[in-house]
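The values are calculated or read from the model by the stated rules, or taken from the named source; none is laboratory data. The shown structure was predicted, so the numbers you read here are calculated from the model rather than taken from an experiment. Cβ: placed from backbone, ideal geometry, glycine included. Neighbour counts: every protein chain shown.
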């Protein structure tokens, strides 16, 4: 009698398919790793030396160099020169002149309603809201204090529990900063600091970013009380300039200057050579920001951001 065939065959199991959540988690994990590598790089790069080098290139009037740099930048960021006073690249003596280009009359009409506070610049709102317990919201899980930003407790005091708005100027934007509300410039305070890049990744991962970077604090007396406009530098920013101080020459120390200069809403206050951020502060109970604005909302210089109270 033949013995029954008792040979067993191992079943081949199909590999388990990944769940939807696992598939979604992979790109997030990869992005997080890239972001952390970017942050680590920020901390080891010689920020000031790199910015000085870029500044020399940006200021160069060597025809071939400046033309090549301007053309490449224009193509990369899709710069629209039809709204600029000078439409031809050849009319700019340097990349700095191109980057801080003036616009044609009427391109940025100013809202002159006395109850309105307007955007100081073209760009996108990074954050806005109330200053709570002296803290300004930077990004999820990150904040900094008014005192840290202004670097002088007595000058920072009026803005405790006030209002703030942070406007980020991207490379493609118009890079002059204007008055959000009329007032008399009483002080400027240059605060030396680091030069971290400014973007969503650094805002979320570098504590007190705006209070650590180099900046120029401009302080005003207005009909609403005290107002501050803070121009914050960043990596490869070739410089900050104001109408009161001229181009800032970093000297490694805090420098306070007193002024008596009246500027109307919409007047030019300063400009960035290669960009960054403008932060506007008001005293408590003076301004209501327009409710439809939120983080990442696009804004244009001169258009209303909110209304005065009372």
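Side notes on the structure shown:
- Residue among 47, 20 that alone is modelled with pLDDT under 75 and touching a strand residue (DSSP E or B) at 6+ places or on another chain (Cβ under 9 Å): 47
- Scanning the stretch 280-294 for residues that are within 17 Å of the chain's Cα centre (by Cα) and crowded, with 16+ Cβ neighbours inside 10 Å, we see that the one that is farthest from residue 269 (Cα to Cα) is 293.
- Counted residues, the stretch 169-207 - those being assigned to a strand (DSSP E or B), at pLDDT 95 or above and within 15 Å of residue 121 (Cβ to Cβ): 3
- The set of residues in the stretch 204-232 being surrounded by fewer than 21 Cβ atoms within 10 Å (Cβ to Cβ) and within 14 Å of the chain's Cα centre (by Cα) consists of 204, 208, 212.
- Some residue of the stretch 243-252 being modelled with pLDDT of 95 or more and either outside the structural domain of residue 140 (by TED's automatic domain parsing) or not in a loop (DSSP other than H, G, I, E, B) (or both): no
Residues are listed down the side, and each one gets a yes or a no for (1) in contact with a helix residue (DSSP H, G or I) (Cβ under 6 Å, 6 or more places away or on another chain); (2) modelled with pLDDT of 95 or more; (3) part of a strand (DSSP E or B); (4) not assigned by TED's automatic domain parsing to the domain that holds residue 166:
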{"site": "108", "(1), (2), (3), (4)": "no, yes, no, yes"}
{"site": "121", "(1), (2), (3), (4)": "no, yes, no, no"}
{"site": "128", "(1), (2), (3), (4)": "no, yes, yes, no"}
{"site": "138", "(1), (2), (3), (4)": "yes, no, yes, no"}
{"site": "147", "(1), (2), (3), (4)": "yes, yes, no, no"}
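- Here residue 260 meets each of (1) over 29 Å from residue 34 (Cα atoms); (2) part of a loop (DSSP other than H, G, I, E, B) with one exception, condition (2).
- Output for the stretch 151-180, where each listed residue is over 23 Å from residue 100 (Cβ atoms) and buried (at least 17 other Cβ atoms within 10 Å of the Cβ): 151, 155, 156, 158, 159, 162, 163, 164
- Applying the condition of being part of a loop (DSSP other than H, G, I, E, B) and under 22 Å from the mean Cα position of the chain (by Cα) to the stretch 76-95 and asking which residue is nearest to residue 62 (Cα to Cα) yields 79.
- Here is the figure for the stretch 278-294: residues that are touching a helix residue (DSSP H, G or I) at 6+ places or on another chain (Cβ under 9 Å) and part of a loop (DSSP other than H, G, I, E, B) total 2.
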